[in-house]
Structure formats: structure tokens, C-alpha cells
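The values are calculated or read from the model by the stated rules, or taken from the named source; none is laboratory data. Model, not experiment: these values are computed from the prediction. FYI the Cβ positions are ideal-geometry reconstructions off the backbone, even for glycines, and counts take in every protein chain you see. Side chains are part of the model used for accessible areas, which takes the heavy atoms of the whole protein and leaves out ligands, DNA and RNA. Shrake-Rupley method; radii C 1.70, N 1.55, O 1.52, S 1.80 Å.
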Amino acid sequence: MKYGIPGGFGNLTGRTSERAETMGSEQMNREKAESWLKIGLIGALLTLIGDCLIGAAKFPDGANMIEGYFAIALDMPAWRPILGGLVGFVGICLEFPALMTIYPLIRETMPRGGSFYMLAMYVYLALGGGAVHLPCGAFMWIYKTVAEAAGQSVGQDIAMRYLLTFLLPAAAVFGVFFIGASVVQFIAFAKGRTPFPKWYCVFNLMIGKGVFNAVRRLGNTALCNGIGTSNMSLGAIVLYTALLLGWKKYVGDREYVL
């Protein structure tokens, strides 16, 4: 059985099979799939660097999440949230090919779920870097810059307005598609709708996010907070590595229609 990598938004019309038949001149083999996963791994490593630049620092004792990020923003040099936001933005864009290697595995076995997954990945590409990760760095930079110029209370007010007006709405839209795609992926693997074994369902961005974010509970240290801030990039590294290592064994040399 051949599975198709999407050639564009036309697959969302529900005529996936017809499109695959008409575009069958180009194929994706194991070599191409593995190269996409390697690109994604590079992207996830860049995102990890960006996350650590933003969040790898000790919070004040007793501070909540927002208070903690406000505090470390004042202590860190301004270049850290700027560079962290920009590096992570590039990294998330590079992760897109790796995430899209899952789509052909479920395109025919879960047509509706596959179409939603593909749409969600385009949303991930559109919003993940530029509308979610980069604004996180901007949020901290805005607070630091305004607080140094006009005081911490003014800085907090401006930063929270930015958070509620721009970052939170974009993150909410992103979250709907991210959670939906993670659920589709989990069900597909858990029910054996892909060539991978069912236990591969544990390699999931949402699961990784929860596991690595829970590391914060181990202590208020720069390492724990850095891992917690990097929950998605670390989850992505685990996912792409698992797919890369298992592709030859479980998928083999099957070709996929582009």
C-alpha cells in the first residue's frame, strides 16, 4: 500500500485518493523520509537552544510562572530573549518536514484524521514559531526594556497587555490544532493504523510536553526550569529520533506518493 505526502491544500477537499493518483509521478522513499526527520532534528535542537536562552534560570523562591519569568528577564542580558526567540522561530520552521512524515502513514487508514493532521501541521508552521515562540521572547524583552526605563509596575502592565492581546489569542488557536493533531497521532499509532508498533504512541509531542514540563517539580533550578521551558522541543527530539531509528525496521522501503 502506498501512502501520500501532501502536495498542497487540495487534499483537504476529501479527494485525497484522486489527488494521489494524479500526482503519482514523484515518490518519497525511505531515504527522503529520513532526511526530513534529520532536518526536523536540527530544527528541534535549534528550538531547544532558543528555549534555554529564554527560560534556563532560577526563579525567585515562591514565585509563580509569570512572576518567575518577569524576574529572570530583569537579570538576564537583553540579547538572550531576543536571540532565543529568533533561534526558536527558525528551529520550529525546520521541524515542519519531520512532522509531515506522519501524515502519509495515516492518510488512507484515517482519511478524516489525516486531513485534520495535515491542516494542523500547516497551522503549526504558520503560528508555532512566529506567533507563539518568538512572542515569548518578545514578551520578556518588552518587560525588561520598559521596566528599566519606566519601572517594574509599568513594565508588568505593558507586558501583560501584550500577552493578553497578542500572545494568548495566537497560543489558543495554536493549542486547539496542536492538541487535536496530537490526539489523532496517538490514536493512529495506538490502534495500529501505521506500520509502526502500537507502543510507538508514546512518542507524541503532547505527551513529551507533559513529561518534560513536570521536571519543574524536581526543583527550582536553572536546569529544571530550562527543561520545563523546553518541553516541546525536547518532546520533538524524542519523537523525531524514534521515527528516524524505527523507519527502516518498521516502514522499510515502501514508497509514498507525493
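Look at (1) more than 18 Å from Leu163 (Cα to Cα); (2) modelled with pLDDT of 95 or more; (3) surrounded by 21 or more Cβ atoms within 10 Å (Cβ to Cβ) and you find that Leu83 fails only one, number (3). Take the residues in the range 194-219 that are in contact with a helix residue (DSSP H, G or I) (Cβ under 6 Å, 6 or more places away or on another chain) and hydrophobic (A, V, I, L, M, F, W, C), then tell me which one is most open to solvent (accessible area, probe 1.4 Å). So, considering only residues that are in contact with a helix residue (DSSP H, G or I) (Cβ under 6 Å, 6 or more places away or on another chain) and hydrophobic (A, V, I, L, M, F, W, C), the one most open to solvent (accessible area, probe 1.4 Å) is Leu218. Scan the range 220-245 for residues that are open to solvent by 20 Å² or more (accessible area, probe 1.4 Å) and either free of Cβ contacts under 8 Å to residues at least 60 places away in the same chain or among the acidic types (Asp, Glu) (or both) and the total you get is 3.
If only residues of the range 119-142 that are over 16 Å from Thr229 (Cβ atoms) and in contact (Cβ under 8 Å) with a residue 60 or more places away in the chain are counted, the one that is nearest to the chain's Cα centre (by Cα) is Met121. Screening Tyr117 on (1) open to solvent by 40 Å² or more (accessible area, probe 1.4 Å); (2) hydroxyl-bearing (Ser, Thr, Tyr); (3) not in a loop (DSSP other than H, G, I, E, B) shows it passes everything except condition (1).
Residues of the range 165-201 that are of a type in the set (Lys, Arg) and in a helix (DSSP H, G or I): Lys198 alone. Among the residues here, Val146 qualifies as closer than 19 Å to Gly68 by Cβ and either open to solvent by 20 Å² or more (accessible area, probe 1.4 Å) or within 28 Å of the chain's Cα centre (by Cα) (or both).
Selection over the range 194-237 of residues that are among the aromatic types (Phe, Trp, Tyr) and closer than 21 Å to Pro81 by Cβ gives a count of 1.
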